[in-house]
Structure formats: structure tokens, C-alpha cells
Amino acid sequence: MKTFIVTGGAGFLGSHLCDYLIAKGMKVICVDNLVTGSEDNISHLKDNPQFKFINHDVTNKLDITEPVDYIMHLASPASPIDFTKIPVEIALVNSMGTKNMLDIAKEKKAVFFFASTSECYGDPDINPQPERYNGNVSTTGERSCYDEAKRFGEALIMAYHRAYGVDVRIVRIFNTYGPRMRKDDGRAVPAFINQALNNEPITVFGDGTQIRSFCYVEDEIEGFYKLLMSKENFPTNIGNPNEVTILEFAQKIIDMTGSKSTIVFKPLPQHDPKLRQPDISKAKRILGWQPKIELEEGLKRTISYFKRRS
Ligand code: NAD
Ligand code: UDP
């Protein structure tokens, strides 16, 4: 039985990852300070002997006495509304937090996996974005606490790899959705679904022509694991390349929920990317991975999750 540390394991992606690893027979130490996560997401694992929860802020040193095989560092708020509320915490968990986890990986000779982001590409000049694209990112804008911290995280990881031989993986995650997203985290999927279920106006930012490509969580987690088990040290995009404009997306949710909601247009947040679509040729080639779950199916499952909670 291999031992994993999953930071951010009480969050949306982290809790699905914990479930996936437990189902594979692994031992999981979930480390989370619950700043944006919730114990509800992991309550079903509480009594499982393969699972342990440590409430800890990873920007502080973490003492782990037992051997560890893999560290998967997912801790970081990821919602644009948090970029204005807690920018310092976001910058630090991806820099200091990454350093603390890398030090454990170095000491334990564990494989280190980092949840990076498509935000490393900023507001891209090319579409889709391949891993070799170096991005168009503001170093000082409102999103920079997140984008630039993730970019620094990637740089620090490659430095540990080159200087100390730490075995590393970096996934660049594109917009992922599914059950356990926070209802009020301000991201388009939970916002639109909950507005639609309550017959409230759907808040489309800007004119809604901006493009996103949404990946269902089950596909994303499968991609993480395939990347972890590969030998690839350089960043790899994992996401669903199916594009949709935000206006079409809002309309789709209204149709699927049978809602009476209307669409209202609100100001576009600063540096909101106009385009975002993963080029997944590398993941297909080296991992044999591609998403399987269609948007309609993923949305059906997500809508039913939020219906159960409303
Ligand atoms: P989330 O907010 O649901 O999960 C993040 C978790 O990290 C939360 O449980 C939170 O409490 C925890 N956390 C934050 N700071 C911490 C700290 N200092 N110490 C310990 N725990 C801390 O977000 P998510 O959508 O599940 O994102 C998980 C990871 O994936 C993040 O690193 C994020 O940047 C990355 N990511 C997500 C997406 C997406 O579409 N969901 C896209 C790109 C990248
Ligand atoms: N968005 C929107 N209305 C909302 C929330 C988000 O129009 O209530 C837009 C947002 O401006 C962005 C897209 O939907 O263009 C996806 O936003 P999200 O916050 O889900 O993820 P991002 O791509 O910004 O990381």
C-alpha cells in the first residue's frame, strides 16, 4: 500500500482525488486548513482506516514521521472571487506552501505532483494553448496573486528537480466542474446552476462571447493519475477541449434545468481571459488520456448534486 499526502484534500478536486486513491487501495493523508474546503466533502472517509485528515495550513512547516511515496499538492483557493478576498494567502500557499511540500518530497524521496493551472497562459494570444506557449500574464493585476504564484510554483519545482533530483509532475488544469464545487464560490458552473434552480437572473459577465472549455471532474482525476504514473517532469495540460461561449453555456443551463431565469449582463472582471482551450495532444500522446464525459452528461450529474443540496 503506497502512502499519499494530498494537500487541499477537503476541496472540490482534492476530495475526488482522495476518493479515487482510496478506491485504488492507497493510504491517504489529507492536509487542509479548510479555508475554501469543507469537512463535508470528506466526511464519508472519516472512519476509513486508509484515510487520515490533518487540519493544517501548509504555508507552515508540516511534520510527517511516516514514509511517504507521493505528495499531491492541490492546496490553493481557485475561485476568482478569492483573488480579491485573500490574495496574500493564495500567493503564499503556491509559493511557501509549495516549498514546504517540496522539502518533504526531497526528504522522503517522494514523487511530487503540483496542481498548476491554465491561468499560467493568462489572456492567451493563441488558441488552443499548447504547453510550449509561455503566456500573456499581468504580474500586478488582480489575478496575479494566483497566476504568478502558480508560475513561480512551477519554476521552484523545476529548480528542486534540477538541483536536488526531486521527481516531479506538473499538471496544468483547465476549467473543471462537478459535484462538491462550492455553491457560492462565484465560478460560472455553481453560479449559473444555482441561479437557474432558483429562477434568479443568470449573471453573464461582459457580453458572454468569452470562450471556456469545461472538463468533468472524473475525467480530470483520471488524467492526474495517469500523469502521476508517467515519467513526465514538464507541465502537461489536462482539460476538455470542447469550447463553448459563456452565453451559450448560460443558455444550456437554463434549458437543462427548465428554469424561468433570464440572462443579465454584468461587468467583465479585470484580465478575464477571452479564450481558453487546452491543446491536449501531449496528454493524448504520452498518457493515452482524453476526456470521455460529454458536457450534457457532466452537467446533468452536477445539476442533480446541487438540486439535492438546495
Ligand atoms: P478548492 O478551493 O475547492 O480546493 C482547494 C483546497 O485547498 C481547499 O480545501 C482549501 O481549504 C485548501 N487550502 C487552501 N489553502 C490552504 C493552505 N494554506 N493550507 C492547507 N489547505 C489549503 O479548489 P479546487 O477547484 O478543488 O482546486 C484545487 C487545485 O486545483 C488548486 O490548486 C487550484 O489552483 C487547481 N486548479 C483548479 C481548477 C478548477 O477548475 N477547479 C483549475 C485550475 C487549477
Ligand atoms: N462568469 C460569468 N458569470 C459568473 C461567473 C463567471 O459570466 O457569475 C464568467 C467569467 O467571467 C469567465 C467564465 O465565466 O469568463 C468562467 O469563469 P470561472 O470563474 O468559472 O472560471 P475562470 O475561467 O475565470 O477561471
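The values are calculated or read from the model by the stated rules, or taken from the named source; none is laboratory data. Everything quoted here is computed from the prediction, not taken from an experiment. So basically every Cβ, Gly included, is an ideal-geometry build from the backbone, and we count neighbours across all protein chains shown. Heads up: the accessible areas ignore ligands, DNA and RNA and are worked out on the full protein's heavy atoms, side chains in. Shrake-Rupley method; radii C 1.70, N 1.55, O 1.52, S 1.80 Å.
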Revision key, fill the gap. Per-residue ellipticity at 222 nm attributable to helices in the chain (runs of n ≥ 4 DSSP H, -39500 (n - 2.57) apiece, nearest 500 deg cm²/dmol) works out to -12000 deg cm²/dmol
Revision key, fill the gap. In Å², rounded to a whole number, the accessible area per residue of the chain with probe 1.4 Å is 44 Å²
Point to revise | Average Cα contact separation per residue, segment 113-211, under 8 Å, 6 or more apart, as relative contact order % | key: 27 percent
Revision key, fill the gap. Any lysines whose Cα falls less than 16 Å from that of Lys150, other than same-chain ones fewer than 8 residues away, would be Lys99
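When the dipole is taken about the Cα centre of the chain, and only Lys, Arg (+1) and Asp, Glu (-1) are charged at their Cβ, what size is it in debye, to the nearest 20?
Magnitude of the dipole: close to 520 debye.
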Practice item. Using only alpha carbon pairs under 8 Å that are at least six residues apart, calculate the relative contact order of segment 161-297 and give it in whole percent. Key: 35 percent
Check your understanding: How big is the convex hull of the Cα atoms of the chain, per residue, in Å³?
Key -> 121 Å³
Check your understanding: What relative contact order, as a whole-number percentage, does the chain give when Cα pairs under 8 Å and 6 or more residues apart are counted?
Key -> 17 percent
Review point. For Val31, which sequence-distant residues (separation of 5 or more, or a different chain) have an amide H within less than 5 Å of its own amide H, given hydrogens modelled in the peptide plane?
Key: Val6, Thr7, Gly8, Gly9, Ile54
Check your understanding: When the Cα centres of segment 17-80 and segment 162-198 are compared, how far apart do they sit, in Å?
Key -> 16 Å
**Study point:** Residues of type lysines that Lys252 reaches as a straight line, Cα spacing below 25 Å, ignoring anything fewer than 8 places off in the same chain
**Key:** Lys183, Lys260, Lys266, Lys274, Lys292, Lys300, Lys307
**Study point:** the chain - percent of accessible surface contributed by carbon and sulfur, probe 1.4 Å
**Key:** 50 percent
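How large is the convex hull of the Cα atoms of segment 61-204 per residue, expressed in Å³ as a whole number?
Enclosed volume per residue, from the Cα hull, is 139 Å³.
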Review point. Looking at the square roots a ≥ b ≥ c of the eigenvalues of the Cα gyration tensor of segment 76-130, which shape do they give, rounded for a/c under 1.5, prolate if a/b is larger than b/c, or oblate?
Key: oblate
